[in-house]
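The values are calculated or read from the model by the stated rules, or taken from the named source; none is laboratory data. Please read these numbers as outputs of a predicted model, since none were measured by experiment. Because the Cβ atoms are built from the backbone with ideal geometry, glycine has one as well, and the counts that use them run over all protein chains shown. Accessible surface areas use protein heavy atoms only, side chains included; no ligands, DNA or RNA. Shrake-Rupley method; radii C 1.70, N 1.55, O 1.52, S 1.80 Å.
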Amino acid sequence: KNKAKRFREDDPQKTFADIAGSDNAKKDLTEIVDYLKNPSYYQRLGAKLPRGVLMVGPPGTGKTLMARAVAGEAGVPFYSISGSEFIEMFVGVGASRVRNMFEEARKESPAIIFIDELDAIGRSRGAGVGGGHDEREQTLNQILSEMDGFSPHETVVVMAATNRPDVLDPALLRPGRFDRKVTLDRPHREARERILGIHTKSKPLSDDVDLAAVARRTVGFSGADLENLANEAALFAGREESQLIEPRHFDLARDKILMGAEREQVLSD
Ligand code: ATP
């Protein structure tokens, strides 16, 4: 087996239909999808490919899912790393991982590279306690130089996710780097209902489960929270040996999730 860690994901492909709501984000990203599907057409028109897209939004709002869906819609391979992998790595290891991933993706171009938790490596340089952090800085510099080094025929789009755009090094946001921003918000009521629809599609619901009512009572829940809610409801039904998921299972699941959120709040206070 290849000893080098592979970056390519070959999970079942996602599409925009797997994401409820976020219509503006989808609209903005459709342009990138078209480009990836048909690079030579755009190149002939002299259009430059957007290199980097920054996806900004709170945890669980589907940033990763959206990046996968862009790859799925365009039918191109998806490579991913997370900023948090690079914490406490030996100097030089992070930079070489970045170099290897970009090399793989270039070979398979057109392709998407996804960097989750960009802020973990992309914090403003020299701003941390004790000034510079060699390893992180080298990794960040490697990302910047890879993005600057694409040649025009390499159709690789780098998508990165963060919930802390305010701490990012301004060098990341310069033209030719992450110069496009796509925002994902917590879902409003109607989007919550549709997200619940997606995540209960293959679950046996009793006829009196009203997803619109569940959506009304889950203000502030992210897409990930709603997915979790549907799963917890199924688990409560299972514990009662019920054949169907009943409204009360959703109530129990909601209380459990809200209680967990409260506990986290208390612990972090
Ligand atoms: P984090 O910042 O915590 O990494 P994220 O914004 O990248 O989170 P995802 O990991 O993409 O969020 O979302 C987690 C899961 O929540 C998704 O795999 C999906 O199942 C569900 N989800 C989130 N948003 C939506 C949505 N709009 N529609 C359907 N499912 C969603």
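Remind me, relative contact order of segment 178-257 in percent, using alpha carbon pairs under 8 angstrom and six or more residues apart?
The value is 34 percent.
Just the accessible area per residue of segment 149-269, please: how many Å² with a 1.4 Å probe?
57 Å²
Once you charge only the Cβ atoms, +1 for Lys and Arg and -1 for Asp and Glu, what is the size of the charge dipole of the chain about its Cα centre, to the nearest 20 debye?
800 debye
Pull up all non-local amide H partners of residue 159: gap of 5 or more, or a different chain, and H-to-H distance under 5 Å with H placed in the peptide plane.
Counting only residues 5 or more places away or on other chains, the set is 53, 113, 114, 115.
Run the simple label-point estimate for residue 40 and residue 6 please: 7 Å along Cα→C-beta, distance reported in nm.
2.8 nm
Sorted by packing (mean other beta-carbon atoms within 10 Å per residue), highest first, where do 180-192, 56-68 land?
56-68, 180-192
Could you work out [θ]222 nm for the chain from helices alone, using -39500 (n - 2.57) per DSSP H run of at least four and dividing by all its residues? Round to the nearest 500 deg cm²/dmol.
Rounded to the nearest 500, it is -14500 deg cm²/dmol.
What distance in nm separates the simple spin-label points at residue 23 and residue 167, each placed 7 Å from Cα in the Cβ direction?
3.5 nm
Can you give the FRET efficiency for residue 107 and residue 219, using 1/(1 + (r/R0)^6), R0 = 51 Å, r = Cβ-Cβ distance, to the nearest 0.05?
After rounding to 0.05, the efficiency reads 0.65.
Using the structure shown, select from 201/256; 37/201; 203/256; 14/37 the pairs with a Cα to Cα distance greater than 27 angstrom.
Pairs exceeding the cut-off: 37/201.
How far apart, in nanometres, would the label points at residue 244 and residue 261 be if each is projected 7 angstrom from Cα along the Cα-to-Cβ direction?
Each label point is offset 7 Å from its Cα along the Cβ direction, giving 2.8 nm.
Hey, can you rank 148-158, 104-114, 42-52 by average C-beta count inside 10 Å, highest first?
The most tightly packed comes first, giving 104-114, 148-158, 42-52.
Cβ neighbours within 10 Å, averaged per peptide: list 19-27, 252-260 in order, most packed at the top.
Going by the mean number of other Cβ atoms within 10 Å, highest first, we get 19-27, 252-260.
Note down the relative contact order for the chain as a percent, whole number, built from C-alpha pairs under 8 angstrom at least six residues apart. All intermediate terms of the calculation are to be shown ahead of the outcome.
Details: 418 pairs, mean separation 61.7, N = 269.
Dividing the mean separation by the residue count of the chain yields 23 percent.
So for the chain: antiparallel DSSP bridges make up what percent, rounded to the nearest 5?
Rounded to the nearest five, the antiparallel share is 15 percent.
Using a cut-off of 9 Å between beta-carbons, work out the net charge of the residues near residue 58 (Lys and Arg +1, Asp and Glu -1, residue 58 not included).
Neighbour charge sum, excluding residue 58 itself: 0.
Please work out the average accessible area per residue across segment 1-127, using the 1.4 Å probe convention, and give it in Å². The partial results should precede the final answer.
Details: 6340 Å² over 127 residues.
Spelled out: the 1.4 Å probe surface of segment 1-127, per residue, equals 50 Å².
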